[in-house]
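Asks: One structure is given below, represented as structure tokens, and several questions about it will come after.
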Amino acid sequence: MTYELPALPYSLKSLEPFISEKTLFFHHTKHHATYVNNYNKLINNTVYANKALETVIKETANGNSNLFNNSAQAWNHTFFWNCLKQNGGGKPTGELQLKIESDFGSFEKFIEIFKTTATEQFGNGWVWLVLDKGLLKVTKTTNSDTPLAHNQAALFTVDLWEHAYYLDYQNRRLDFVSTILENLINWDFVTRNLTTNSN
């Protein structure tokens, strides 16, 4: 099925001063849009033309093909936008808080592991909070790879490609990740993902 570039769930200026309007504009309308456009061209007149994006990702995950790369990046970016919100950050509550404390030992330990994993990702990629066989885990993927390809449920992610942060943070990737955790993470979205995938 044709996949349309989704609108951002907030205005281009909503995430300032943590993510600039310029970064968000280029990231969404250039990078994300390119993946979406490439995906639609690649599925045209193929067996994938009438399949959902998630299905295409799973069916092409075993090969590092252009179709997998563009479908996964289209999905990853849409997911990433929803992980952020104006006046986000802080700590989760309720079921998510208890699950994080149970699986990581404490919220502070989760934050430490998340930051370390992001720092250890060499080159382009993503750092994720996933639900894997009932347990919360922090993972990292290279380039376009995604938890969907590994039978994991994505709950939260931060884009580690340089185009996500270089205009605002230059080479300070850890500062970018820390800023999202402290000021932008959308815990309501993360909680919904946990609830949906726990049932």
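Asks: Specify the residue that is nearest to the chain's Cα centre (by Cα); the eligible residues are those in the range 159-199 that are within 20 Å of Leu15 (Cα to Cα) and basic (Lys, Arg).
Replies: Arg173
Asks: Which condition breaks for Lys99 when tested against (1) in the same structural domain as Lys137 (by TED's automatic domain parsing); (2) without any contact (Cβ under 8 Å) to a residue 12 or more places away in the chain; (3) not β-branched (Val, Ile, Thr)?
Replies: Just one mismatch for Lys99, condition (2).
Asks: Follow-up. Just one of Thr117, Thr93 is under 18 Å from the mean Cα position of the chain (by Cα) and farther than 18 Å from Thr34 by Cα; which is it?
Replies: Result of the check over Thr117, Thr93: Thr117.
Asks: A further question follows. Quick check, is Phe156 under 16 Å from Trp81 (Cβ atoms) and under 12 Å from the mean Cα position of the chain (by Cα)?
Replies: The answer is yes for Phe156.
This table checks each residue for (1) in a helix (DSSP H, G or I); (2) in contact with a strand residue (DSSP E or B) (Cβ under 6 Å, 6 or more places away or on another chain); (3) without any contact (Cβ under 8 Å) to a residue 60 or more places away in the chain.
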| residue | (1), (2), (3) |
| --- | --- |
| Ala74 | yes, no, no |
| Trp81 | yes, no, no |
| Pro92 | no, no, no |
| Lys115 | yes, no, no |
| Gly123 | no, no, yes |
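Asks: Just to verify a result, which residue in the range 60-72, among those that are in contact (Cβ under 8 Å) with a residue 24 or more places away in the chain and within 16 Å of Met1 (Cα to Cα), is farthest from the chain's Cα centre (by Cα)?
Replies: Only one residue fits best here, namely Leu67.
Asks: Got a sec? Which of Ala52, Ala33 is more than 20 Å from Thr157 (Cα to Cα) and at pLDDT 95 or above?
Replies: Exactly one residue qualifies, and that residue is Ala52.
Asks: Another question, then. For the range 47-59: of the residues being in contact (Cβ under 8 Å) with a residue 12 or more places away in the chain and among the β-branched types (Val, Ile, Thr), which is nearest to Ser144 (Cα to Cα)?
Replies: Only one residue fits best here, namely Ile57.
Asks: Can you tell me which residues in the range 82-124 are among the hydroxyl-bearing types (Ser, Thr, Tyr) and closer than 27 Å to Ser20 by Cβ?
Replies: Thr116, Thr117, Thr119
Asks: Would you confirm, using the coordinates I've provided, whether Phe110 is outside the structural domain of Tyr166 (by TED's automatic domain parsing) and either in a helix (DSSP H, G or I) or in contact with a strand residue (DSSP E or B) (Cβ under 6 Å, 6 or more places away or on another chain) (or both)?
Replies: No; evaluated as a whole, the condition is false for this residue.
The values are calculated or read from the model by the stated rules, or taken from the named source; none is laboratory data. None of the values given here were measured: they were computed from a predicted structure. Every residue, glycine as well, gets a Cβ built from its backbone with ideal geometry; the counts of neighbours run over all protein chains shown.
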